[in-house]
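S.K.: Okay, handing you the structure first.
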Amino acid sequence: MNIFQRTAIAYLKKNKTRTIVTIVGIILSAAMICAVTSLVASFANYALETALYTEGNWHGRQLDVPYSTFEEVADSDKVEQAVYLQRVGYAAAEGCANEFKPYIYILGAGDGADAMLPIRITAGHYPVSADEILLPEHLRTNGGVDFRIGDTITLDIGDRILDGIRLTQDTSCYKFNDSWIEVHNGETLQVRESRTYTIAGTFERLSYTIEKQTAPGYTAITLADAPSDGSRYDLYLRMNKPKDVYGFFKDMGFEEDYNTDVLLLMGVSGYDTVYSVLNGLAAIIILLIIFGSVSLIYNAFSISVSERTKQFGLLSSIGATKKQLRRMVLFEAFAVSAIGIPLGILAGIGGIGITLHFIGDNFRSMFATPIDMHMHVSPASVLIATVVALITALISAWIPSTRATKISAIEAIRQSTDIHTKAKTVKTPWLSYKLFGLSGVLAQKNYKRSRKKYRATVLSLFMSIVLFVSASSFCSYLTDSVEGVFSGAGYDITMHIDDSELNMTPDELLRRISSSTDVTAAAYGKITFLEETMTKSGSLTQEGLEASPVYYADGDMAGVNTFVMFVDNDTYVGLLEQYGLDRDVFFDADAPVALAADTCTSFNYNEQRYDTIDFLNSDEAEFVYKTPKVIEGYTYAGEFMDSSGELMVHYHQDGYDDTISGSDETGLIAIPAGEAYDTGVLRCGKVLDEAPYFMPNNGGVTLIYPMQAMDSVAKDYVGTRLNFYITSDDHAASYAALETVLIDAGLTPGMLRNHAEEAETSRNIVLIIRVFSYGFIILISLIAAANVFNTITTNIGLRRREFAMLKSIGLTNRGFNRMMNYECLLYGCRALLLGLPASCAIAYLIHQTISGGYETRFSAPWDAMGIAMLSVFAVVFATMMYAMRRVKKQNPIDALKSENF
Amino acid sequence: MEILRVEHLCKVYGKGENTVKALDDVSFSVNKGDFVAIIGPSGSGKSTLLHILGGVDKPTSGRVFMNDSDVYAQNDEQLAIFRRRQVGLIYQFYNLIPVLNVTENITLPVLMDGRKVNMERLNELIATLKLGGRENHLPNQLSGGQQQRVSIGRALINAPAVVLADEPTGNLDSKNSREIVDLLKLSNEKYGQTLIVITHEESIALQADRILTIEDGRITGDEVVRR
């Protein structure tokens, strides 16, 4: 160590507080940068794991080749492993409900296929011989085919032939005709052989790459037969070096059929969009962190350097060159970095590690895989974090060091650059004398005299405010955009089905659903919107009137969005009993009185909260709605604009099918809209206190009737779609049980929708965003607070002589405190005056960026600004108090004598 | 033999109405081994002159030759090395580096040069300056007189062409003052060290070989002291 390095170290040791704050600043910034880089690395690793999980661990494939090709490929030294799937053939899927997927497609797996391909067994075991078969889950859930593990099945296996050509999974058995209607392509299954299999187990549907949505066969897996020249094979290859796959495939003359997702995430793909987005996002956050930490570390060095201007001058006067002085400052930066960066890197990795340990499993639902996100530390991420943090520290030290060495030795010794005050600049307003007395005037003069010193404090406060407010508004927009998805409905699972698909009564299906595992309640019903419905203005609450659609209001009749819902009779009777209502009045099939649910919850963007509106102000109300005229033998088909621009109402002759006859115009009549409608009247007799669980959140009044009243009420409006609403104690268990119920009923489980799980997923995503964003905000705020602490304590320290002088000429402790308080106010107000408008502007920019995809209204981030205001004053006053306590301990005479360097 | 020559030195501070002429056409020369005292009232330009001689402050016009080379014809880097090797500065307020100990403060100009310290010379200096046993003390652990002796050591360690002292005893009591002056004289007599001292005190000035008087930036007297 040379004399400059020794001086630097000695100086760091002497100024312990500042050295510690500087090191803390470096730790924080290194930790945050490292957290971001290792999060990116973990995320990239997680994405790769997910891709390997869903797509399998292979790099490229060549379909439909003879066995000799496999042998050739397997021998290549570039190939780590090659596996094959034998194309055994197609067999009809007996009892399959999905007409677009009428086959089972059997593949014979060669050695190692189970490890390389995404064959994930859900029950049973992997086939141990060519007599055993794995069937895919979606044969049951999508195709509705029932089977049991251990059963034997006999399949007549052959090829799909169309015009003498053998078809593959790439060709659907349906095609579009001239009128763009899907029709069967006329292929036939030519059976080659009959095989009997024991069902060994079930597995998850293979990824899209292997079985497309349009593939006509459900892929089943058995073991391959002994290799033969007569069979065709699909080859899957994993290379020793992933990037070799492109050249190898070209050399072999293979098609360019790669495992794109996996190669992309390994970083060996020509397309790097995923990484550039991820890295771009990380770069923005890192820049924000650098911005925050440079200001902290810069301030720390700037203070330490300007404080030592005299020392630099002295060194310079006895012969130190500028280069030597700059190097000394840089060495200081190195020294604090040497302690701060390793600790910061450890803290960052630890922080992300702990975070992912607790919330890593939330990523499962985010990406629909059973893989947790783990900590993944890559050398590159640590290296990047180290280099970025080191550069941050060096830049922070370099700037003040060049500034300090620009001053000539004599100026430095005299510290003459600090003294160029004119009387005018320190004039203070009369008001501060009145309010704060002499102390206030002194404080303001202090502030005005050396603006440069104060600028550091105000600037660091300003940046803290801007960083905090913009970070929190960014996070709140992110959370909002996810939370906006919540529906707020009371049911957990729904099922939508067309009347015509049911082969039993809805009541029978409801009985089966209700008795399924963990189902607590179930109802079915039909719901529809009534066109242009009005009610007496007097029946509506003030809120209801405000939300009323005005374009068809008429006199004292106000518009109201109205739905009719018919629920099964039992559920309806249950409601009547719950509210103690008269069955004779409400349960009359011919002249029914409706129950009304009028509670509507919607998100109010102006106020940034959920609003609940009750529309009706009394139990009884009449609703007048528009209903198409009844024409015998015809069905209402909606409104259309004809070629002359007139609005017409179309009616179809009963039995007319527009999906088949395309352009056929017979059987259709059109009536001008003005003549086509009658009005109907519906009456409600009770407004329910709260919406029943089966009510979707519609945003209006819903009139509830029993199913038996459907014929007498708005029949023409009600379509054929039947909805089942289910609540459950354990939605996952119920969902699984309901799948079986549907299969047994000859229906496909694809009709089920698990709302509870969707809400859970949204909540998980919100949780993840919250954890990371609040973590970010807290760390950024810490940096900001450290920054303010550093600047203020140093400024106070530098003014020790001045304080001692003021004391020695008789300024009391009280006056002294008043002066300091007034200075705090000055700092805080100046910083807020600049910081709040700036952060509002940035919040608005963030809103503009985010609102591209999601409808939000801009609202000023009042909460964050409030917190910022309180925190600014809290930090400033607390720091002042800390610094002043240390100053007060000193004997004024010592301070007066002190040489101030 | 002439070691220092000053030609038509001017130093002006400020602009327009506020112009202050700190030095006004000052010329003189000093021979090797001379002990020169500069006296004059406050604000007469003594310190400015000393700083310009030491290569710390730059003249507005005029030239300074040290060993026949033009001091202000050098660039900043060369000037720094000039200060390090050719000049020893002693200030009224010692100006030691507070975080370095006695030995380090004394050897600072040598260490800055990246050279090895001549231990013989250092030990002799420490003994002469009566700092034995205090080598590892920090400046704030020393008395004023001791601190000033350290700064004399720092000025002498490189055997510079000229030692420049600005009121070296201004902050000390009479006993310590006497000691410091004796030390300076000793260096002049023992090592033939050229010495220029600014002082208020006649008793010190009278020990010099020559007394320069400055008033309002001009040399108004140049007397050889006859003992």
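S.K.: In the range A:627-639, which residues are modelled with pLDDT under 80 and either in a strand (DSSP E or B) or under 44 Å from the mean Cα position of the chain (by Cα) (or both)?
M.R.: A:Thr627, A:Pro628, A:Thr635, A:Tyr636, A:Ala637, A:Gly638, A:Glu639
S.K.: Pick from A:Ile345, A:Ile349, A:Ile391, A:Ile384: which is assigned to a helix (DSSP H, G or I), surrounded by fewer than 16 Cβ atoms within 10 Å (Cβ to Cβ) and away from chain B (no Cβ under 14 Å)?
M.R.: On the way: A:Ile345 fails: surrounded by fewer than 16 Cβ atoms within 10 Å (Cβ to Cβ); A:Ile349 fails: surrounded by fewer than 16 Cβ atoms within 10 Å (Cβ to Cβ); A:Ile384 fails: surrounded by fewer than 16 Cβ atoms within 10 Å (Cβ to Cβ).
Only one candidate qualifies: A:Ile391.
S.K.: What residue, among those in the range B:49-58 that are in a helix (DSSP H, G or I) and touching a helix residue (DSSP H, G or I) at 6+ places or on another chain (Cβ under 9 Å), is nearest to the other protein chains (Cβ to nearest Cβ)? Write out each step before concluding.
M.R.: Within the range B:49-58, the first condition is being in a helix (DSSP H, G or I), and the residues that meet it are B:49-53.
Next cut, touching a helix residue (DSSP H, G or I) at 6+ places or on another chain (Cβ under 9 Å) only: B:51-53.
Values: B:His51: 6, B:Ile52: 9, B:Leu53: 12 Å.
Across the range B:49-58, the extreme among qualifying residues is B:His51.
S.K.: Out of (1) in contact (Cβ under 8 Å) with a residue 24 or more places away in the chain; (2) more than 25 Å from A:Tyr677 (Cβ to Cβ), the odd one out for A:Gly580 is which?
M.R.: Here A:Gly580 meets the rest and fails (1).
Yes/no per residue for (1) surrounded by fewer than 21 Cβ atoms within 10 Å (Cβ to Cβ); (2) in contact (Cβ under 8 Å) with a residue 24 or more places away in the chain:
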site	(1), (2)
B:Glu7	yes, yes
B:Tyr13	yes, no
B:Asn67	yes, yes
B:Glu77	yes, no
B:Ala80	no, no
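S.K.: How many residues are closer than 17 Å to B:Asp166 by Cα and out of contact with any Pro (no Cβ under 6 Å at 6 or more places or on another chain) when one looks only at the range B:59-97?
M.R.: Qualifying residue count, the range B:59-97: 7.
S.K.: Restricting to the range B:1-20, count the residues that are part of a strand (DSSP E or B) and modelled with pLDDT under 85.
M.R.: From the range B:1-20, those part of a strand (DSSP E or B) are B:2-13, B:20; that's our starting set.
Those left that are additionally modelled with pLDDT under 85: B:13, B:20.
So the answer is 2.
S.K.: Restricting to the range A:9-65, give me the number of residues that are over 30 Å from A:Ala113 (Cα atoms) and not β-branched (Val, Ile, Thr).
M.R.: Filtering the range A:9-65 for residues over 30 Å from A:Ala113 (Cα atoms) gives A:9-40.
Among the residues that remain, those that are also not β-branched (Val, Ile, Thr) are: A:10-16, A:18, A:25, A:28-32, A:34-35, A:38-39.
So the answer is 18.
S.K.: Would you be able to tell me the number of residues in the range B:69-105 that are more than 9 Å from chain A (Cβ to nearest Cβ), in a helix (DSSP H, G or I) and within 17 Å of B:Gln146 (Cβ to Cβ)?
M.R.: The qualifying residues number 3.
S.K.: Output the qualifying pairs, or none if there are none: Cβ atoms under 6 angstrom, residues six or more apart or on different chains, first residue in the range A:246-266 and surrounded by fewer than 18 Cβ atoms within 10 Å (Cβ to Cβ), second residue not in a helix (DSSP H, G or I).
M.R.: Note: pairs meeting the criteria are A:Asp257/A:Arg61; A:Met266/A:Pro242.
S.K.: Return the pair list, or none, for Cβ contacts closer than 6 Å from residues in the range B:110-126 that are more than 14 Å from every other protein chain (Cβ to nearest Cβ) to residues that are part of a helix (DSSP H, G or I) and modelled with pLDDT of 85 or more, at least 6 apart or on different chains.
M.R.: Filtered contacts from the range B:110-126: B:Leu125/B:Gly153.
S.K.: Mind telling me which of the residues A:Tyr126, A:Tyr105 ends up being in the same structural domain as A:Asp225 (by TED's automatic domain parsing) and assigned to a loop (DSSP other than H, G, I, E, B)?
M.R.: Numbers: A:Tyr105 fails: assigned to a loop (DSSP other than H, G, I, E, B).
Residue meeting the stated conditions: A:Tyr126.
S.K.: Name the residues in the range A:316-338 that are facing chain B (nearest Cβ under 7 Å) and crowded, with 22+ Cβ neighbours inside 10 Å, would you?
M.R.: Residues of the range A:316-338 that are facing chain B (nearest Cβ under 7 Å), as a first pass: A:316-322, A:324.
A:Ser316, A:Ser317, A:Ile318, A:Gly319, A:Ala320 - these are the residues of the range A:316-338 that are facing chain B (nearest Cβ under 7 Å) and crowded, with 22+ Cβ neighbours inside 10 Å.
S.K.: Would you pick out the residues in the range A:382-402 that are of a type in the set (S, T, N, Q) and within 26 Å of A:Leu325 (Cβ to Cβ)?
M.R.: Going through the range A:382-402, the residues of a type in the set (S, T, N, Q) turn out to be A:386, A:392, A:396, A:401-402.
Selection gives A:Thr392, A:Ser396, A:Ser401, A:Thr402.
S.K.: For the range A:48-59, which residues satisfy the criterion of being crowded, with 20+ Cβ neighbours inside 10 Å and either under 15 Å from A:Leu356 (Cα atoms) or among the hydrophobic types (A, V, I, L, M, F, W, C) (or both)?
M.R.: A:Ala51, A:Trp58
S.K.: Only one residue in A:Tyr275, A:Tyr271 is under 21 Å from the mean Cα position of the chain (by Cα), at pLDDT below 70 and more than 14 Å from chain B (Cβ to nearest Cβ). Which one? Give the steps one after another, and end with the answer.
M.R.: Values: A:Tyr271 fails: under 21 Å from the mean Cα position of the chain (by Cα).
After applying the criteria, what remains is A:Tyr275.
S.K.: On the basis of being surrounded by fewer than 20 Cβ atoms within 10 Å (Cβ to Cβ), assigned by TED's automatic domain parsing to the domain that holds A:Thr222 and closer than 13 Å to A:Ile221 by Cβ, does A:Glu132 make the cut? Spell out how you get there, then give the answer.
M.R.: Values: surrounded by fewer than 20 Cβ atoms within 10 Å (Cβ to Cβ): yes; assigned by TED's automatic domain parsing to the domain that holds A:Thr222: yes; closer than 13 Å to A:Ile221 by Cβ: yes.
Yes: the conditions hold for A:Glu132.
S.K.: Same structure, new question: Only residues in the range A:14-29 that are without any contact (Cβ under 8 Å) to a residue 60 or more places away in the chain count as the first member; pair them with residues that are buried (at least 19 other Cβ atoms within 10 Å of the Cβ) and assigned to a loop (DSSP other than H, G, I, E, B), Cβ under 7 angstrom, at least 6 apart or cross-chain, and list the lot.
M.R.: Listed by first residue and then by second, the contacts come to A:Lys14/B:Val99.
S.K.: Another question, then. I'd like to check something: does the range A:78-96 contain any residue that is away from chain B (no Cβ under 14 Å), small (Gly, Ala, Ser) and farther than 30 Å from A:Cys173 by Cα?
M.R.: From the range A:78-96, those away from chain B (no Cβ under 14 Å) are A:78-96; that's our starting set.
Right, trim to small (Gly, Ala, Ser) and you get A:82, A:89, A:91-93, A:95.
Right, trim to farther than 30 Å from A:Cys173 by Cα and you get A:82.
Within the range A:78-96, one or more residues are away from chain B (no Cβ under 14 Å), small (Gly, Ala, Ser) and farther than 30 Å from A:Cys173 by Cα.
S.K.: Please verify whether the range B:25-34 includes one or more residues that are over 19 Å from the mean Cα position of the chain (by Cα) and not hydroxyl-bearing (Ser, Thr, Tyr). Break it down into steps so the answer makes sense when it comes.
M.R.: Of the range B:25-34, the ones over 19 Å from the mean Cα position of the chain (by Cα) are B:25.
Remaining after also requiring not hydroxyl-bearing (Ser, Thr, Tyr): B:25.
Yes, the range B:25-34 has at least one match.
S.K.: Considering the range B:68-124 alone, what residues qualify as being aromatic (Phe, Trp, Tyr) and out of contact with any strand residue (DSSP E or B) (no Cβ under 7 Å at 6 or more places or on another chain)? So that I can check it myself, show each step before the final result.
M.R.: Within the range B:68-124, the first condition is being aromatic (Phe, Trp, Tyr), and the residues that meet it are B:72, B:82, B:91, B:93-94.
Passing the criteria: B:Phe82, B:Phe93, B:Tyr94.
Rundown of residues vs (1) at pLDDT 85 or above; (2) surrounded by 20 or more Cβ atoms within 10 Å (Cβ to Cβ); (3) in the same structural domain as A:Gly340 (by TED's automatic domain parsing); (4) on the phi > 0 side of the Ramachandran plot, yes/no style:
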site	(1), (2), (3), (4)
A:Phe358	no, no, yes, no
A:Phe367	no, no, yes, no
A:Ile371	no, no, yes, no
A:Ser396	no, yes, yes, no
A:Ile407	no, no, yes, no
A:Val426	no, no, no, no
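S.K.: Which fully enclosed strands (runs of 3 or more DSSP E) of the range A:161-212 have 3 or more residues being surrounded by 13 or more Cβ atoms within 10 Å (Cβ to Cβ)?
M.R.: Details: elements: A:174-176, A:182-184, A:188-203.
Because the criterion is at least 3 residues that are surrounded by 13 or more Cβ atoms within 10 Å (Cβ to Cβ), the strands (runs of 3 or more DSSP E) in the range A:161-212 that meet it are A:188-203.
S.K.: Quick check on this structure: which one of A:Leu530, A:Leu545, A:Leu540 is within 38 Å of the chain's Cα centre (by Cα), more than 22 Å from A:Gly719 (Cα to Cα) and among the hydrophobic types (A, V, I, L, M, F, W, C)?
M.R.: Values: A:Leu530 fails: more than 22 Å from A:Gly719 (Cα to Cα); A:Leu540 fails: within 38 Å of the chain's Cα centre (by Cα).
Every option except A:Leu545 fails the conditions.
S.K.: Answer with yes or no whether A:Glu187 is assigned by TED's automatic domain parsing to the domain that holds A:Tyr236 and touching a residue at least 12 places away in the same chain (Cβ under 8 Å).
M.R.: Working: assigned by TED's automatic domain parsing to the domain that holds A:Tyr236: yes; touching a residue at least 12 places away in the same chain (Cβ under 8 Å): yes.
In short, yes.
S.K.: Would you check if B:Ile157 is of a type outside the set (Gly, Ala, Ser) and either without any contact (Cβ under 8 Å) to a residue 24 or more places away in the chain or within 12 Å of chain A (Cβ to nearest Cβ) (or both)?
M.R.: Yes, satisfied.
The values are calculated or read from the model by the stated rules, or taken from the named source; none is laboratory data. Predicted model only: the values in this text are computed from it and were never measured. With ideal geometry, Cβ positions are generated from the backbone for all residues, glycine too; neighbour counts draw on all protein chains shown.
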